[in-house]
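What follows draws every value from the coordinates through simple rules; no lab data is involved. Note that the structure is a prediction, hence the values are computed from the model and not measured. Methodologically, a virtual Cβ is constructed for each residue, glycine included, from the backbone with ideal geometry; neighbour enumeration extends over all protein chains shown.
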Amino acid sequence: MLKRTAVVFGALLMLTASNAVAWSQTKYPEHPIKMIVPFPPGGGADVLARMVGQKLNERWGQPVVVENKPGNAGIIGANEVGRSKPDGYTLLMAASGAVVANNIDRLAPVALVTTPPYMLAVHESLPVKTVAEFVEYLKKNPKAVNFASSGVGSASHLAAELFMGLSKTQMTHVPYKGIGQGVNDLISNKVSVMFGPPQALLPQVAAGRIKILGVTSKERYPLFAEIPPVAESVPGFEAVGWYGILATAGTPDDIVKQLSDATNAAIQDPTVKERMNALGATPRPGTPADFRAFLKQDTAKWAELLSKVEATK
Amino acid sequence: MSIARLFRQQDFWAGLMFMAFGAIGIGGGLMYRVGTTQEMGPGYFPRAIGVALVLLGAIIFMRGILAPGKEVSRWAIRPLILLIVGILAFAYTLEWLGFVVAATALIFLSGVGGKEFDFKEVVLLCAAAVTSAVLIFVKALSLPIPVWP
Amino acid sequence: MSALFDAIATGAHTALSPTNLIYCFGGVTLGTLIGILPGLGPIATISMLLPVTFYLPPETALITLAGIYYGAQYGGSTTAVLVNMPGESSSVVTCLDGYAMARQGKAGPALSIAAIASFFAGCVATLVIASFAPVLANFALEFGPAEYFALMLLGLVAAVVLASGSLVNAFAMIFLGLLFGTVGTDLNTGVERFTFGIPKLVDGVDFVTMSMGIFAISEIVVNLESVQERTILKEKIGRLLPSAEDFKRSIWPIVRGTGLGSMLGILPGGGAVLSSFASYAVEKRIAKEPGRFGKGAIEGVAGPEAANNAGAQTSFIPLLTLGIPSNPVMALMIGAMMIQGITPGPQIMTAKPDLFWGVIVSMWAGNLMLVILNLPMIGIWIQLLKVPYRLLYPTILLLCVIGVYSVNNATFDLVILSVFGVMGYVFVKIGCEPAPLLLGFILGPLLEEYFRRALIMSHGDLSVFVRNPISGTIIAMAAVLLLIVVLPSIRKKREEAFQE
């Protein structure tokens, strides 16, 4: 018995030792990379993480293990990456909501992946055809129109709040758990309006249940060039989601650069591009500095809006 | 009814427990905005549940006093504590020392909690269980569980 | 009618191709395995397999993933019956009478009837999808928040029936479950309730964690109380297959369960969670000797298992006909379709008939495979019960913690597991049955959500619940059920009082 224990113990020691050797070398990446997705599996961030992870694996020959750590709108997973060793082996596939004012300093932006727009959809029976007519209609019927969102503080909620603020209109907020339930009530006309992601809304347009009035990007979005931006009628309106990769703050610059280059190459790969298009998104390559600037502007914008919304409650 | 007998009543303790949870619900109702039935705040639902729990708890409590029924049987404190300590030890060591150490701790602690603890047998069980768990969960199903530190 | 046959022929062409049959088999086998392993649900497995489906044709990918889903529903009943471990909400009910049967040496008949009931339900539900999917989907759209609220209310009243002891205790446990359900972020205002500043509680308590603690952990402690308990069995292992008597008892529960499950599964707003509970409540209500329930009544296994499988099957209807996910697994399926470049929505049926009908026919093939796969396994599972308990319980415990950890990959969930383990043991000691608590926990958040949503939409008009014919009817049914449940016990009390 004792002998067996000794053998096991020896094996343990050897394993630890070989790990330590791997540590002392500097080439990156030397062992598998963990990519944390702070949302449940199957969503946009999860699908993107798996697609990009696979490309990184093909490039470096090291597996990228995707791990879902959902909770608190993504903040739990993001904080975990913030607490990790800054060695580039723990990454975060973040999306709007996960990175907030009190964890942004503990994360190092690596690369923005995509900034897909939302769409403004209304039920087919609502007597409006354009955003301008919609604003008119809302002004005539203040608070009478209900809009669905995927939860308080979610992108679909904030987009609607921004819209109401800029167009000086009022609608009643009906929060749902997730986009799907909201779309369900939109197509059955229990709510009349929703800001939602294209892939959830467009199929219902084809079925004639709802109509799209505009996209939420500042200008026309290449994938949906025929749809006008909401900003044409409501100046200043822009509400895009974003997906991007971050590492722990303090990760060496050369590793961040390697990761950023690899991610930029991955998202411009034709097969990845094609699948992103199916998700209603186009790749948005850029440097870590670009991403940092984008994040700063984006978090500031929504924090300001959110505090305004809360002040009115 | 003697106090000692009252303290053995299931209903006595069940009533107390429900009333205590009810109080928490009502307390939550006070902490969060209650609102009206037409426009409920976050505290409305917990408060309503809390009130119902206190009432039901009171009925059960009174039943324990007025109509003595089933008594609480002997508590198995030792297995309970060792099982819980085992789970907590697993939780504490898993991401730090890895699955093998954590699972060993769990199996040994819970094993000690049983009536018949045979060291050799538990070692064998541990080896078999840990090996097959690693093969099934980590190798075959590739769950993200660290095996070693 | 001939259009239906053409469609089924199209589907058979796709589903019965050798590749798809093999993948379907792989899917249902894996599904059964993860169903048996507690805590490790179809969600975790399907998400792990998502990247693999990149390389498969869309039909094959969906057939495999669907197989995992309903395979897991089959497997889930196995651990519920053998060791009282419900890995999913649907197996809570199976624990009640299934585990009681196992202790009496009747695990074989319990598992067989579960498999047979599931097979029957699966076949019927597949037929329902094939013939009526679009009609039913439109019916489901009629259900708004008021109707869902009424349905959840009915479910809660029915939850009382789950307990076999004191009625007041059962009510109190339901309310306690409702209270646990409020932990986490309030949907309507974003306020965090009862989180005590712990970030992990912001999304509430996980069902798997709670049910594992309350059922499995406390059961282990109870078993360790007695000195002489060497195995789970109280009596010798009897026959493997159900007797003619068992079949006779089970036939109508299976048929009723299938009907209930097929109906509830269609509703995307959470109807499927009710199916097994509803079936149990119905069977116990109409049984000649309701006292047998909770003590090993085979009807209490047959009905709910049929309902649960039928519900799992028909919950594909909103996904396939509208593109609306009715549960997290269906949301994953949408993810899988989008990876393939298919946008799920109302057009799928006409634009991709081979995909739509292929998946449906594969469900039937998969159900057949499951029953062939599972029946011979029962003999092996039963042997598990002969393992000395001192070796069995540490293994059960290990499976529990792995399962709970794998839900969110969070060790904090294990702390919550311990808390509920202790609580579950206390419940046993003070004579409170836990099943109503779990149903309250599942339905509570839905109840509140739909209630408040209905009032937002009606701008605070409370009459929406009764003015609306569907919700009005369901609420009336709930009221009648409440009277039926409460009156006899009050009358009994009065008689007792008079006798004294």
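For C:SER166, A:SER125, the sequence from fewest to most other C-beta atoms within 10 Å is A:SER125, C:SER166. With the cut-off at 1.5 for a/c, could you classify region C:325-408 from its C-alpha gyration tensor as rounded, prolate or oblate? Oblate. Separation of the alpha carbons by more than 28 angstrom is noted, of C:LYS200/C:LYS284; B:LYS115/C:LYS429; B:LYS120/C:LYS200; A:LYS69/B:LYS120, for C:LYS200/C:LYS284; B:LYS120/C:LYS200; A:LYS69/B:LYS120. Along its principal axes, region C:371-500 has C-alpha extents of 57, 52, 39 angstrom, given from the largest down.
By the rule of a C-alpha distance below 26 Å, with chain neighbours fewer than 8 residues away ignored, the lysines paired with C:LYS352 are A:LYS211, A:LYS273. When you restrict to C-alpha pairs under 8 Å that are six or more residues apart and normalise by the size of chain B, the relative contact order lands at 21 percent.
In this Cβ point-charge picture (+1 for Lys and Arg, -1 for Asp and Glu), chain C has a dipole of about 1000 debye about its Cα centre.
Inter-chain neighbour count for B:137-143: the average number of beta-carbon atoms from partner chains within 10 Å of each residue's beta-carbon is 5.
Under a 5 Å amide H cut-off, with hydrogens placed 1.01 Å from N, C:GLY345 pairs with C:GLY323 among residues at least 5 apart or on other chains.
When the label point is put 7 Å from the Cα of B:PHE117 along its Cα-to-beta-carbon vector, which residues of region B:51-80 have a backbone N closer than 20 Å? Within reach of a label on B:PHE117, which here means backbone N under 20 Å from a point 7 Å along Cα→Cβ, region B:51-80 contributes B:75-80.
Near B:LEU30, once Lys and Arg are set to +1 and Asp and Glu to -1 for all other residues with Cβ below 13 Å from its Cβ, the sum equals +3. Of C:VAL92, B:VAL123, C:VAL52, the sequence from fewest to most neighbouring Cβ atoms within 10 angstrom is C:VAL52, B:VAL123, C:VAL92. I need the shape label for the protein assembly as shown. Rule: rounded when a/c is under 1.5, else prolate if a/b > b/c, else oblate, with a, b, c from the alpha carbon gyration tensor. Here the protein assembly as shown falls in the rounded category. Counting only aspartates and glutamates at least 8 places from A:LYS85 when in the same chain, those with an alpha carbon closer than 18 Å to its own are A:GLU30, A:GLU67, A:ASP105, A:ASP253, A:ASP254, B:GLU95.
Does anyone have the angle between helix A:253-267 and the longest principal axis of chain A? Alpha-carbon axes, 0 to 90°, nearest 10? Relative to chain A, helix A:253-267 is tipped by roughly 50 degrees. Any chance you could give the angle, 0 to 90 degrees and rounded to 10, that helix A:2-24 forms with the longest Cα principal axis of chain A? Tilt of helix A:2-24: around 60 degrees. Rounded, prolate or oblate, given the Cα gyration tensor of chain B, with a/c below 1.5 counting as rounded? Here chain B falls in the oblate category.
In plain terms, the residue of B:MET62, C:MET363 with the fewest other Cβ atoms within 10 Å comes first and the most crowded comes last, giving B:MET62, C:MET363. Evaluated over region A:121-185, the count of Lys pairs having alpha-carbon atoms less than 26 Å apart is 8 (only pairs 8 or more residues apart or interchain). Under 24 Å of direct C-alpha separation, and excluding same-chain neighbours fewer than eight residues apart, C:LYS288 reaches these lysines: C:LYS106, C:LYS248, C:LYS492, C:LYS493.
In the frame of its principal axes, chain C has Cα extents of 72, 59, 50 Å, reported largest first. Think of it as helices only: each DSSP H run of n ≥ 4 in chain B is worth -39500 (n - 2.57), and spread over all residues that comes to -22500 deg cm²/dmol at 222 nm.
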